[in-house]
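Beneath this line is the structure, given in structure tokens, with notes to follow.
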Amino acid sequence: MENGLWQLLVRRGFLVQSSELYGGLAGFYDYGVMGAPLKRRFEDTWRRYFLSLNRNFHEIDGAIVQPEDVFRASGHLEHFDDPIVACIKCEHAERADHLLQEHLKEKFEGLNEKEYDALITKHKIKCARCDGTLGHASKQNLMFPVTVGVQSKTRAFLRPETAQVPYVNFARSFEVTRKQLPLGLALVGRAFRNEISPRQGVYRMREFTQAELQIFFDPSALDAHEDWDSVKIYRLRLLFAKDRKKTVELTCSDANQKHGIPKFYLYHMARVQQFYLDVLGVAPERFRFYELSDEERAFYNKFHWDVEIDVASFGGFAEVGGIHYRTDHDLSGHARVSKKPQEVFYNERRFTPHVLELSFGVDRNVYALLELSYKEGERTVLALPHTIAPYDAAVFPLVNKEGMDTEALRVHNALSKKFRIFYDDGGSIGRRYARQDEIGTPFCITVDGQTMKDRTVTIRNRDTGKQERVSVDALEIKIRELLD
Ligand SMILES: [Zn+2]
């Protein structure tokens, strides 16, 4: 990621390799003074949007360390692994499928260890570091184990996904929310995966943030949604597994009738697409849903479409989220291992609710939005959506004299009660505009000589570079209007 954007992100305090002072650790990143508010605002935008989809959707929070039994029930203990090959001479390890893909320019996911060994021998692939011989492929579990306690040690793990927290909290949450379905439990938080050789920058991190919504529902209502009419003629952008050549646009209604995708699933696809296109301003041609084939998806996912955005440094269309119909896999697994039934009594029937999971990688999304917003040219601009830009506006005095600095500070302090406002009085006004363009601030307010005469200021628009004069007293209303 040694491009102009990455340099800007480091220079302006968005993102940096974690513990850079000590050489860093692959797969870990820190968000700086611009990155942290940007990420938080993305999360807040996500919350506002997805929690408003249904009056019975709620946010919870939970522990990052969970006991081994949770992952016995979820299947992570047994199945959450990647194929690894290590050099016999220098012990350098790589993912077998990625190694083959690099050499043979084809995808090799999901083979068994013998098949990997055979391909590596056949194509005489050696250690990338020392040219030594590679050992046999083996499975490497991706969870980070931790030991809890000193005297009596309990095995636990850093959660590899946030989803297990809502699942183990389902029964109590169902009681608390007065036993209604669908019930949505959202969680925004950290997850950890000990990736074997994370070389794709922020795309594959070992510590990352997920924003996930687990929707528990009655499976007999799978082909229905109370708000179906509002999405019926909405056109989804779909790349079917059976035709990977072309993204097609289909109405929800056609996708239901001609392709058998259930209404409850399609409704949420439409809302996810609208989140990207309408709320985040992603261009339609850079967005699509990618259907996973039978080989690609987990056996318990009955329907699985990834959310993909076209981002050059991710190598084109890449996964930033997913919509997973997980059936009763999760609750039944927890019922089996915990020996506590997870059934509900609802609509005169007793059953285990099914789960529809809307899952998003926050870091990938934030990075994708940064890259799509980045414009080089006469001016370098991060044209971020207003809702997620680190600052709403900046305030400058044209010069630090004749009372302009005092007045600018007064304007800054008044607006700061309502908005996120940056203050800058250093360097030429042109340099100050350029700095705000680089961090994506939509509007710059300048107090100048005329302010002192008629109490008006200029507002400059990041995207057009144009300025207009506005009365100081009307600023708050004006900014609110511009940000909308
Ligand atoms: Zn080696």
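The values are calculated or read from the model by the stated rules, or taken from the named source; none is laboratory data. Please read all numbers here as calculations on a predicted model, not as lab measurements. Because the Cβ atoms are built from the backbone with ideal geometry, glycine has one as well, and the counts that use them run over all protein chains shown. Each accessible area value is taken on the protein alone, full model and side chains, heavy atoms only, with ligands, DNA and RNA left out. Shrake-Rupley method; radii C 1.70, N 1.55, O 1.52, S 1.80 Å.
Applying 1/(1 + (r/R0)^6) with R0 = 30 Å to the Cβ-Cβ distance of Leu21 and Val146, what FRET efficiency is obtained, to the nearest 0.05?
For R0 = 30 Å, the calculated efficiency reads 0.75.
Work through the residues other than Gln274 whose Cβ is under 12 Å from its Cβ and net out their charges, Lys, Arg +1 and Asp, Glu -1. Please report the intermediate quantities before stating the final value.
On the way: positive: Arg235, Arg237, Arg271; negative: Asp278.
Spelling it out: positives minus negatives among the neighbours equals +2.
Could you calculate the contour length gain from Val337 to Arg286, that is, 0.36 nm times the residue separation minus the distance between their Cα atoms, to one decimal place in nm? Walk me through the intermediate numbers first.
Numbers: separation 51, 0.36 × 51 = 18.36 nm, distance 4.27 nm.
Contour length minus Cα-Cα distance gives 14.1 nm.
Going by alpha carbons, how many degrees (0 to 90, nearest 10) lie between the helix axis of 263-274 and the longest principal axis of the chain?
Computed tilt is about 30 degrees.
With each label point set 7 Å from Cα along the Cα-Cβ vector, what nm distance links Cys130 and Thr464?
6.4 nm
Give the accessible area for Ser173 in Å² (nearest 10); use a 1.4 Å probe, count only protein heavy atoms, and leave out ligands, DNA and RNA.
Its accessible surface works out to 20 Å², give or take rounding.
Could you work out [θ]222 nm for the chain from helices alone, using -39500 (n - 2.57) per DSSP H run of at least four and dividing by all its residues? Round to the nearest 500 deg cm²/dmol. Don't skip to the answer; put the middle values down first.
Values: 16 runs with 148 residues, N = 484.
Computed mean residue ellipticity for the chain: -8500 deg cm²/dmol.
Quote to one decimal, in nm, the extra length available between Asp69 and His103 on full extension: 0.36 nm per residue of separation minus the C-alpha distance between them.
Details: separation 34, 0.36 × 34 = 12.24 nm, distance 3.93 nm.
Gain on stretching Asp69 to His103: 8.3 nm.
Quick one: compute a quarter of the convex hull surface over the Cα atoms of the range 394-468 and quote it in nm². It would help to have the intermediate numbers written out before the result.
Working: hull surface 18.6 nm².
The orientation-averaged projected area of the Cα hull of the range 394-468 comes to 4.7 nm².
Please give the Cα centre distance for the range 120-190 versus the range 1-78, rounded to the nearest Å.
16 Å
At a 1.4 Å probe radius, which order do Lys453, Lys179 fall into by accessible area, largest first?
On the way: Lys453 175, Lys179 95 Å².
Final ranking, largest accessible area leading: Lys453, Lys179.
Go through Lys375/Lys453; Lys107/Lys302; Lys375/Lys466 and tell me which ones have a Cα-Cα distance over 28 Å in this structure.
Working: Lys375/Lys453 37 Å; Lys107/Lys302 23 Å; Lys375/Lys466 17 Å.
In this structure, Lys375/Lys453 lie more than 28 Å apart at Cα.
Mind checking the dipole of the chain: about its Cα centre, +1 per Lys or Arg Cβ, -1 per Asp or Glu Cβ, Debye to the nearest 20? Walk me through the numbers before you get to the answer.
Details: 69 positive and 70 negative charges, 73 e Å.
For this selection, approximately 360 debye.
Is any residue of the range 271-310 close enough, with backbone N under 14 Å, to a label point placed 7 angstrom from the Cα of Glu78 along the Cα-Cβ axis, and if so, which?
Backbone N within reach: 299-300.
Using the Cβ atoms and a cut-off under 12 Å, what net charge is assigned to the surroundings of Val320, where Lys and Arg are +1 and Asp and Glu are -1? If you can, show how the numbers build up before the last one.
Values: positive: Arg286, Arg288, Arg364; negative: Asp306, Glu308, Asp310, Glu319, Asp363, Glu371.
Net local charge, Val320 excluded: -3.
Filter the trypsin sites (Lys or Arg not before Pro) in the range 193-285 to those in DSSP coil with at most 14 other Cβ atoms within 10 Å of their Cβ, and list the result.
Working: sites: Arg193, Arg199, Arg204, Arg206, Lys232, Arg235, Arg237, Lys242, Arg244, Lys245, Lys246, Lys258, Lys263, Arg271; in loops: Arg193, Arg199, Arg204, Arg206, Lys232, Lys242, Arg244, Lys245, Lys246.
The qualifying sites are Arg199, Lys242, Arg244, Lys245, Lys246.
Could you tally the net charge around Asn347, taking each other residue with its Cβ under 11 Å from the Cβ of Asn347, Lys/Arg +1 and Asp/Glu -1? Kindly include the intermediate steps, with their values, before the conclusion.
Details: positive: Lys179, Arg349, Arg350; negative: Asp218, Glu348.
Net of charged neighbours comes to +1.
Compute, for Tyr346, the solvent-accessible surface of its heavy atoms (probe 1.4 Å) with the complete set of protein chains present, and express it in square angstrom to the nearest 10.
40 Å²
Could the peptides 322-328, 78-84, 40-46 be put in order, highest first, of the mean number of other beta-carbon atoms found within 10 Å of their residues? Provide the component values of the computation, followed by the final result.
Values: 322-328: 21.3, 78-84: 17.0, 40-46: 18.6.
By packing density, highest mean first, the sequence is 322-328, 40-46, 78-84.
Sort Cys90, Cys127 by accessible area with a 1.4 Å probe, largest first.
Values: Cys90 55, Cys127 5 Å².
Largest to smallest exposure gives the sequence Cys90, Cys127.
Apply the a/c threshold of 1.5 to the C-alpha gyration tensor of the range 81-141 and tell me whether it is rounded, prolate or oblate. Working shown, then result.
On the way: a/c = 1.61, a/b = 1.20, b/c = 1.34.
In terms of gyration-tensor shape, oblate.
Residue by residue through the range 47-53, what is 3J(HN,Hα) from phi via Karplus (6.51 cos²θ - 1.76 cosθ + 1.60, θ = phi - 60°)? Round to whole Hz and write x for glycine and proline.
3J(HN,Hα) across the range 47-53, in whole Hz: 4, 4, 5, 6, 6, 7, 5.
Could you list the square roots of 5 times each eigenvalue of the Cα gyration tensor of the range 186-319, that is, the equivalent ellipsoid semi-axes, sorted largest first and rounded to whole Å? All intermediate terms of the calculation are to be shown ahead of the outcome.
On the way: eigenvalues 138, 69, 50 Å².
Calculated on Cα positions only, the semi-axes equal 26, 19, 16 Å.
Translational diffusion coefficient of the range 91-187 at 25 °C, 0.890 mPa s, Stokes-Einstein with Kirkwood Rh over Cα pairs, in µm²/s as a whole number.
Numbers: Rh = 17.8 Å.
Approximately 138 µm²/s, per Stokes-Einstein.
Taking only the Cα atoms of the chain, how large is their convex hull per residue, in Å³?
Values: hull volume 97.1 nm³, N = 484.
That works out to 201 Å³ per residue.
Put Arg410, Arg12, Arg178, Arg95 in order of accessible area, largest first, 1.4 Å probe: what do you get? Could you put the intermediate results ahead of the total?
Numbers: Arg410 115, Arg12 70, Arg178 190, Arg95 20 Å².
The most accessible residue leads, giving Arg178, Arg410, Arg12, Arg95.
With the Cα gyration tensor of the range 336-477 giving a ≥ b ≥ c as the square roots of its eigenvalues, does the rule (a/c under 1.5 for rounded; else a/b larger than b/c for prolate; else oblate) give rounded, prolate or oblate? Let's see the in-between values first.
Numbers: a/c = 3.86, a/b = 2.47, b/c = 1.56.
Here the range 336-477 falls in the prolate category.
Mind computing the radius of gyration and Dmax over the alpha-carbon atoms of the range 15-91? Å is fine for both.
Values for the range 15-91 (Cα only, Rg and Dmax): 19.2, 59 Å.
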